[in-house]
Amino acid sequence: MNKAETLTLIEKLQTNIYQLELLNKGAINSLEFRLDKIFQANLDILWLLICAILVFIMQAGFMCLETGLSRSKNSINVALKNISDFGIAVVVFWAFGFALMYGTSVSGLFGNKFFFFTTKVAGYQTYFVFQAMFVATAATIISGAVAERLKFVSYLIITFFTSGLFFPIVGHWAWAFNFDNPSQKFGWLGKLGYLDFAGSSVVHSVGGWIALSVLLIIGNRTGRFRKDNSHKPFQGSNIPMAALGALILWFGWFGFNGGANGAMDLKLPLILINTFLSASFGLIFSSAMGAIILKKPEPLFMITGPLAGLVSITASCAYVDPADAILIGSIGGIISSGTIVLLEKLEIDDVVSAIPVHLAAGIWGTIAVALFGDFQMMGVEKTRLEQLYIQFIGIVSIGSFCFFGSYIIFKTINSFFPLRVGKIQEELGLNISEHNASTDTHELLEVLTEQVKTEDYSLRAPQDPFTDSGIIGTQYNVLMNKLEQSEKQKNKWKNRVSNEIKLAMNVQKRLMPKRNIENYPIFGLNIPAREISGDFYDFYLHDDEVYFTLSDVSGKGVNAGMVMAKAITLFKIFAKQKYKPNEILLEMNNDLNETNPAGTFITSIVGRYNLKSDLVEIANAGHLPALLKIGEDFKEYPSSAMPLAVVKHKDENVYNLESFKLNGGRIYCFTDGFSECMNENKKEIGIDGVKKLILKHTSPSLQTELESATEEIRLKSLKKGTSEVGVKENNDILDDDLTIVGIGK
């Protein structure tokens with residue numbers, strides 16, 4: 001081989017070596033590119049899972065917020081609703097909600113694929129987890145708005161429809177996309193160009209619209225708004241707990257908005273800074289509104305302000321700069337606080353202001369996308385006016401579907417299955433009425449009820465020296481212990497019956513008001529005929545006003561006593577809230593009509609006396625006339641309506657409301673034990689006889705007058721020669737119960 005051939009061979013080898021180096025470098029670069037993609041995908045999945053956990057923590061925030069702003073007697077119910085709605089929402093969304101939202105689109109309206117969602121693709125699994133947190137958020141928004149009067153089962157039904165129908169379909173309209181090509185939209189709103197980055201309308205307004213429809217169906221909490229246009233705000237049980245809930249929600253919102261990005265990239269810092277700036281300015285401006293309106297830093301405005309700012313920025317957090325985010329959050333705080341005032345004027349009772357925060361601020365946030373969004377960043381080629389028109393289409397269509405759809409569904413359900421609890425259950429509190437969460441009073445009633453059912457007198461009541469019910473329980477147990485000790489020496493069954501009657505009489509005495517009420521010109525007496533009385537009277541005292549009632553339950557015995565106890569409870573509930581006498585009769589009538597034993601009715605008088613104005617208002621439902629005595633003259637105020645519990649009424653005016661001033665006179669209400677008392681000729685003395693009796697015993701002291709008049713009737717009504725050991729002391733068995741109430745100085 002000569003020199004020239006050798007050089008040629010060396011040059012060829014060098015060329016091959018250089019080409020081999022180029023090939024190896026390309027392979028290395030390709031491998032590095034693939035590894036970068038894999039790492040970024042895994043990082044995105046990790047970020048989305050972290051955000052899902054943050055959104056899950058928001059559920060605890062909602063629970064703290066709602067528990068703190070509701071009354072303590074409903075706190076357990078609120079907490080259980082927040083736990084239950086999360087579980088139900090996730091299950092329903094897994095079964096068919098995700099399919100309706102992200103399945104193959106049917107005319108851009110809903111999906112029809114991925115039922116009972118299962119996949120081995122980690123990215124799809126992660127996306128499902130994140131969206132499941134969103135549906136739980138939409139469902140739990142409703143809980144706070146309708147708190148304190150909705151049945152627990154009713155709320156579960158509402159959660160089912162929210163997570164299985166309304167949220168998935170609205171989500172399909174706006175967010176459904178091709179998983180292989182995310183820029184390709186399936187829903188009709190998405191194709192139209194509607195933008196809602198993390199769900200100001202798709203999540204928050206959906207919950208707000210449904211909450212509004214349910215509120216219009218079930219109405220306000222009892223006593224929250226009155227016919228005289230007076231408003232009675234109910235103080236939350238734990239404002240610090242509510243504030244903690246707002247902070248937890250604020251914390252979780254970083255995952256709510258940050259996770260909507262779907263990736264850990266350079267957009268995240270902007271999203272997060274916009275999120276907390278909007279919330280902060282929402283807090284400032286809402287607090288300022290509260291101070292302007294109520295002349296003080298009002299807790300509700302301060303707690304809801306940052307939440308309104310967060311909802312407002314949710315739709316545009318990735319599309320606006322921080323200066324715009326500040327403006328959006330500030331306006332959101334103002335809109336939310338203004339809506340709180342508006343709902344108060346419209347008398348719509350939203351316990352936690354969910355509608356101002358999630359609906360009003362959600363609508364504003366959706367509009368703000370078109371007003372402040374960076375169209376280049378959004379990839380939009382429309383004018384702002386065109387985008388604003390599209391955003392309005394989204395707001396109206398989502399609002400119409402959610403509000404009218406939910407109203408029709410829940411109104412229909414309410415027609416055969418009432419969504420709301422009864423007034424007594426509401427007054428008692430949903431902790432007890434819905435979940436059997438025990439109190440000393442409730443436990444005492446349970447023991448008494450169980451004894452009535454089973455006749456097992458070995459049962460004992462709860463004892464507590466620091467509560468009224470506990471003291472009654474202690475005395476009751478002492479009585480029952482003595483009963484058991486004497487069983488061997490006395491007739492077993494007769495002794496039990498007589499002691500049970502003693503107990504019933506003792507319980508009734510405890511239910512009756514105090515006989516001497518200092519500083520109030522009132523007095524009442526009740527003498528049972530033999531066993532527990534069906535007659536009763538009661539007073540409810542305000543500073544310058546006293547409510548009174550006198551009623552007669554048809555029949556006698558334990559059943560009459562139980563009806564009596566319920567009627568007293570109803571009277572106290574509405575007297576406490578200063579209802580008019582005829583309004584109280586209407587509420588008592590309608591409730592007792594539903595729950596009383598068949599054939600049982602109550603004749604009743606309800607009145608109130610204002611000590612300052614000397615004005616008496618009185619209403620009569622089937623009872624003997626009330627008597628007004630001025631000097632020696634009487635005026636009768638007879639009944640104009642049927643007794644209570646006979647038929648339901650819609651208007652309180654069925655019970656005529658009489659108004660007059662005492663002018664130094666006295667008014668008397670009494671039961672038929674007085675008017676049906678026999679005179680010497682074995683004839684009933686009647687109303688005229690009662691008038692003569694009152695004149696005969698007239699005294700400067702109302703108490704002395706009533707006691708002496710009642711004693712005369714008692715002596716005439718004694719069943720002489722009748723003896724029932726253990727029923728009444730001295731065997732004073734009467735023909736009928738004697739009950740009388742007097743008002744006047």
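The values are calculated or read from the model by the stated rules, or taken from the named source; none is laboratory data. Because the structure is a prediction, the values reported are computed rather than measured. Cβ coordinates were reconstructed from backbone atoms using ideal geometry, including for glycine residues, and neighbour counts include every protein chain displayed. Side chains included, ligands, DNA and RNA excluded: accessible areas come from the protein's heavy atoms. Shrake-Rupley method; radii C 1.70, N 1.55, O 1.52, S 1.80 Å.
Miscellaneous remarks
- Residue-by-residue Karplus 3J(HN,Hα) for the range 692-706, coefficients 6.51, -1.76, 1.60, Hz, glycine and proline x: 4, 4, 5, 4, 4, 9, 3, 8, x, 9, 4, 4, 4, 4, 6
- Close amide H contacts of Ala626 (hydrogens built in the peptide plane, cut-off under 5 Å, sequence separation of 5 or more or a different chain): Tyr637.
- Percent of Cα-Cα distances greater than 14 Å, calculated over the range 204-282: 77
- Principal axis extents of the Cα atoms in the range 237-337, from largest to smallest and rounded to whole angstrom, are 45, 27, 15.
- Inverse mean reciprocal Cα-Cα distance (Kirkwood Rh) of the range 635-694, Å: 14.4
- Calculated Rg and Dmax of the range 54-179 using C-alpha coordinates, Å: 15.4, 49
- Within-10-Å neighbourhood charge of Asn590 [Cβ basis; K, R +1; D, E -1]: 0
- Estimated FRET transfer efficiency (Ser640, Asp688; beta-carbon r; R0 22 Å; 0.05): 0.55
- For Glu386 and Ala95, the difference between the fully extended length at 0.36 nm per residue and the C-alpha to C-alpha distance is 101.0 nm.
- Taking every Cα-Cα distance in the range 180-314 and sorting them into 10 Å bins from zero, the calculated P(r) comes out as 10, 28, 34, 18, 8, 1, 0 percent.
- Accessible area (Å², 1.4 Å probe, nearest 10) - Ile527: 40
- Checking the cross-link pairs Lys151/Lys648; Lys296/Lys345; Lys81/Lys120; Lys612/Lys648 against a 30 Å limit on the alpha carbon distance flags Lys81/Lys120; Lys612/Lys648 as lying beyond it.
- For Glu446, solvent-accessible area (1.4 Å; no DNA, RNA or ligand), Å²: 100
- Leu706 - accessible surface, heavy atoms, 1.4 Å probe, Å² rounded to 10: 0
- Net charge, Leu657 excluded, C-beta distance under 13 Å - Lys, Arg +1, Asp, Glu -1: -2
- Cα centroid separation, the range 244-310 to the range 601-657 (Å): 55
- Entries in Lys580/Lys696; Lys635/Lys696; Lys482/Lys716; Lys661/Lys682 that, when Cα-Cα distance is taken, lie over 29 Å: Lys580/Lys696; Lys482/Lys716; Lys661/Lys682
- Exposure rank, largest accessible area first [Thr104, Thr600; 1.4 Å]: Thr104, Thr600
- Three principal axis extents of the range 358-442 based on alpha-carbon atoms, in descending order, are 67, 29, 16 Å.
- Simple label model, 7 Å out from Cα along Cβ direction - Leu718 to Asn477, nm: 4.0
- Table column - 3J(HN,Hα) (Hz), the range 85-100, Karplus curve with 6.51, -1.76, 1.60, x for Gly and Pro: 5, 5, x, 5, 4, 5, 5, 5, 5, 5, 5, 8, x, 5, 5, 5
- Environment charge of Leu156, counting only residues whose C-beta is closer than 12 Å and scoring Lys/Arg +1, Asp/Glu -1: 0
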